[in-house]
Amino acid sequence: MSENSNQFLDALKQMQGVEAGDIVDVEVLDIEDGQIDVGVENAGVEGVITRREYTSDRNADLRDLVKPGDKFKALVLRRAGGDKENGEFFFSVTRLKEREAYDKLQKDFEDGNAVEGTVTSSVRGGLIVDVGTRGFLPASLISNRYVSDLKPYIGKTMKLKITEIDPNKNRLILSHKDLVEEEREEAFDKVASQLVVGDVVEGKVSRLTNFGAFIDVGGVDGLVHISEISYKHVDKPSDVLKVGQDVKVKVIGIDNDRHRISLSIKQTEPSPFEQATADLNEGDIFEGEVKSLTNFGAFVEVADGIQGLVHVSEISNKHVDKPSDVLKVGQSVKVKVLNIDPSDRRISLSIKAADSNASSENHNSRPRRSRNENSVNKKYMSDNDNGFALGDIIGDQLKDRK
């Protein structure tokens, strides 16, 4: 059989075998508005490729993309109506690329590989991403933080994980959040292994919320709760901190299970108690103002916002039933420092020991306190910088009114 006969039989075989779903070699015959006329090589079969079946750019000029004589592979979609002798078909290049892309994406999905895609547009509930085919990135899977504005992501190239794939339904769900979480866990493990509770490190404010500030320490965000920003009252973190600001922080907690680092800014600085008592020593005598009275004693201001307790037994050498019998709020009194407890932030004071008319025993020796007095101090002095439990004081004042 001649070579021409063989070519004829091959062409006839290909022509007769062209069916929907086949992948064939086509050649561009002509370009019209909105479509490309093609012929199947060596088959005598012709058809068209519409703009949307050649490119995802709906505004593209096909004449800028192809020219007569160009050859490429296309997917046979279906037979078209017409009276041409050899019939006519619709072909698609985009769907062939999608099929090839899905084959690769399926393997990436099974192997757990990340893929790279470009965000082409935003829709209600998420982003449309081109990863060789059209994929959907839900807004809830963009980041490990809430994303309210999707527009800044358009045009960006992102690394993504495939969470769901179904070529038959043309369904491809993507996630960037999963990668963020994986990277965050790896970074946390690295940073946390180098930190110890009590460490003081440098950091940078990365984000502010109503409940605190997130500080970047070595590539991982730690939280400074609003109560740990300052010893003074803070209404909003943004009142005292700015994003990008360099700060010194103390590590006060590491939660390996939840991948969280708790930090404190205020604990890197002396507390008001420490500042107030820096130059204060046991035995010092000074003038102070009575700030409040209870049944068990009087609170006298040592420094701005810092108070010490004068127990009822330390008010006078004479027996005192109630502090209010001999003292008034706002009264200026001379007091002697009996004890400073930095760990519990408590200051014990005495009026009678500071009295110049007191007996020589009181002047020359430190007053001894009974075990009962110490227990009273422990009971009513809280861990707050002001040195007392407000609830107990109010409770005693209510008792006085009965």
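The values are calculated or read from the model by the stated rules, or taken from the named source; none is laboratory data. Nothing here was measured: the structure is a model prediction, and the numbers come from that model. A quick note on method: Cβ atoms are made from the backbone with ideal geometry, for glycine too, and the neighbour counts reach across all protein chains shown. Surface areas here come from the heavy atoms of the whole protein model, side chains and all, with no ligands, DNA or RNA. Shrake-Rupley method; radii C 1.70, N 1.55, O 1.52, S 1.80 Å.
Can you divide the C-alpha Rg of the range 280-362 by 2.2 N^0.38 Å and report the result to two decimal places?
It is 1.00.
Quick one: with all protein chains in place, what share of the accessible area of the range 22-179 is carbon or sulfur, to the nearest percent (1.4 Å probe)?
Roughly 42 percent, rounded to a whole number.
Using a Förster distance of 60 Å, how high is the FRET efficiency between Q331 and T268, based on the Cβ-Cβ distance and rounded to 0.05?
Rounded to the nearest 0.05, the efficiency is 0.95.
What distance in nm separates the simple spin-label points at K204 and E287, each placed 7 Å from Cα in the Cβ direction?
If labels sit at K204 and E287, their model points lie 5.2 nm apart.
Per 5 Å bin, what is the whole-percent P(r) computed from every C-alpha pair distance within the range 204-347?
2, 9, 16, 15, 11, 10, 9, 9, 8, 6, 3, 1, 0
Taking the Cα atoms of the range 99-190 alone, what are Rg (to one decimal) and Dmax (as a whole number) in Å?
For the range 99-190, the Cα radius of gyration and maximum Cα-Cα distance read 13.1, 42 Å.
Roughly what would the spin-label model give for R58 and L179, points 7 Å off Cα along C-beta, in nm?
2.8 nm
Residue by residue, what Karplus-based ³J(HN,Hα) values in Hz, rounded to whole numbers, does the range 144-149 have, using 6.51, -1.76 and 1.60 with θ = phi - 60° and x for Gly and Pro?
For the range 144-149, the Karplus-derived couplings read 7, 10, 5, 10, 9, 10 Hz, x marking Gly and Pro.
In what sequence, highest mean first, do 150-159, 23-32, 219-228 appear when ranked by Cβ atoms within 10 angstrom?
Per-residue Cβ counts within 10 Å, averaged per peptide and sorted highest first, yield 219-228, 23-32, 150-159.
What does the convex hull of the Cα atoms of the range 52-211 come to per residue, in Å³, rounded to a whole number?
Value for the range 52-211: 194 Å³ per residue.
Which value in nm describes the separation of the simple spin-label points at S343 and H319, placed 7 Å from the Cα toward the beta carbon?
Calculated label separation equals 3.7 nm.
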